[in-house]
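Values in this text are rule-based calculations from the coordinates and carry no lab data. Predicted, not measured: the structure shown is a model, and the values here were computed from it. Positions of Cβ are backbone-derived with ideal geometry, glycine not excepted, and every protein chain shown enters the neighbour counts.
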Amino acid sequence: MANDVDGTGLSYLGDETPDAGVQTNYVLDPWTAQKTAGNNSFTIGGATAQPASALYGVWFDVRSDDPNQWASYVKAGTSVSDGSETWQRIGYTLENTTAAAEAGSRYSTGVVFKAKFHPQGLPNYTDGATFFSYGTNLYASMEDMMQHFYGSVFASDFSKVASCQTWGAVKAFIASTLLPNDPSGYYTWLNTQAEGKADDDVADAQSLTWSRYMLTECGYSKSADGAVTLDQNGKVTRRALRPTGVRTYEDATCYYTWWVRHSNDGQDDTNGIMEYAIVRNNIYKLKVNSIYSLGSDIPTDEDHGLVIEVYVNDWQLLDPEILPM
């Protein structure tokens, strides 16, 4: 225990203070003082210059925007009961504390909840299937999204690009039909293809259609019966569509990330001492009281509408045992 993360007033086997109310001292783990925004080098097991990821069994960062990778991380817990309620025990986590200013998504311990979302009244949608979001709207397919965005132009005019004989005709199609904020990214991609081409140059128009673009560049297609297929041709569909603001909810799956709290200073706009922390051998019981919005298509550090109650059960010392000798 210490008054700050640098060890001022250090006390071994001390108590967290006060017994009740807003916490005023720190529990220190071996790396508490080193966990800063500018540091990414730790001495672990005698080896120096280990990255922050080496401190954790599962390191949460932004290296993967593939939903399939995240799906493999989120596992069901083991059911445990106290007689009146049943909980899911998800594991034992190492002690993890930081300065108040460093608490949150950079170093804190979090729990990811995986959920199925069931859109109600969504046209052309089969429950449990993949869906997409753009802005505040949900869509059963990218075709439905484009139809909503472009109106009748999507059905009546998009096919005309296949008849373009030259790049000049393709450029005219872009100018007359497409919009710069196209949610599929087709406008930007087709402009890139046309860039530097002479107007009289022959264009391979069949390779420039929207459906061809979606398949080759986004790994996306929709069958005649309305079934959506993702991640074809080595592409991760979510990754391809993300830059335009489209969210891809594969198999109707969404995620909620919640950073585990150890203490509560009652201030929503600041982090208090030991507010986000894990203390050794404490039990953290998390209860989801409500969910008021759609989660993210992969885990993020954003607040997506979970209201959680956390009960922290402190380390309880057992009565001493006297063993016969």
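Observations, loosely collected:
- Distance histogram for region 131-248 (every C-alpha pair counted, 10 angstrom bins, percent rounded to whole numbers): 13, 46, 33, 8, 0
- Burial ranking of peptide ranges 95-103, 176-184, 198-206 (average Cβ count within 10 Å, highest at the top): 95-103, 176-184, 198-206
- For the chain, the longest principal axis of the alpha carbon atoms and the long axis of helix 167-177 meet at an angle near 70°.
- With θ taken as phi - 60° and the Karplus curve 6.51 cos²θ - 1.76 cosθ + 1.60 applied, the whole-hertz 3J(HN,Hα) list for region 35-43 is 7, 10, 5, x, 10, 9, 9, 10, 8 Hz, x standing for glycine and proline.
- Per-residue packing, averaged as other Cβ atoms within 10 Å, sorts the ranges 4-10, 17-23 into the order 4-10, 17-23, beginning with the highest.
- Ignoring lysines fewer than eight residues from K197 along the same chain, the ones with Cα atoms less than 24 angstrom from its Cα are K160, K171.
- Two-site label geometry, V22 and A169: point separation in nm, points 7 Å out along Cα→Cβ: 7.2
- Order by protection proxy (mean Cβ within 10 Å, highest first), peptides 30-40, 290-300: 290-300, 30-40
- Alpha-carbon Rg/Rh ratio, for the chain, with Rh computed the Kirkwood way: 1.11
- Centroid-to-centroid separation of region 156-202 and region 72-134 [C-alpha atoms, Å]: 43
- For region 1-130, size of Cβ-based charge dipole, Lys and Arg +1, Asp and Glu -1, in debye: 540
- Partners for K285 among lysines (Cα-Cα distance below 30 Å; same-chain residues under 8 apart left out): K35, K75, K114, K116
- Helix-only [θ]222 nm of the chain, DSSP H runs n ≥ 4, -39500 (n - 2.57) each, per residue, nearest 500: -4500 deg cm²/dmol
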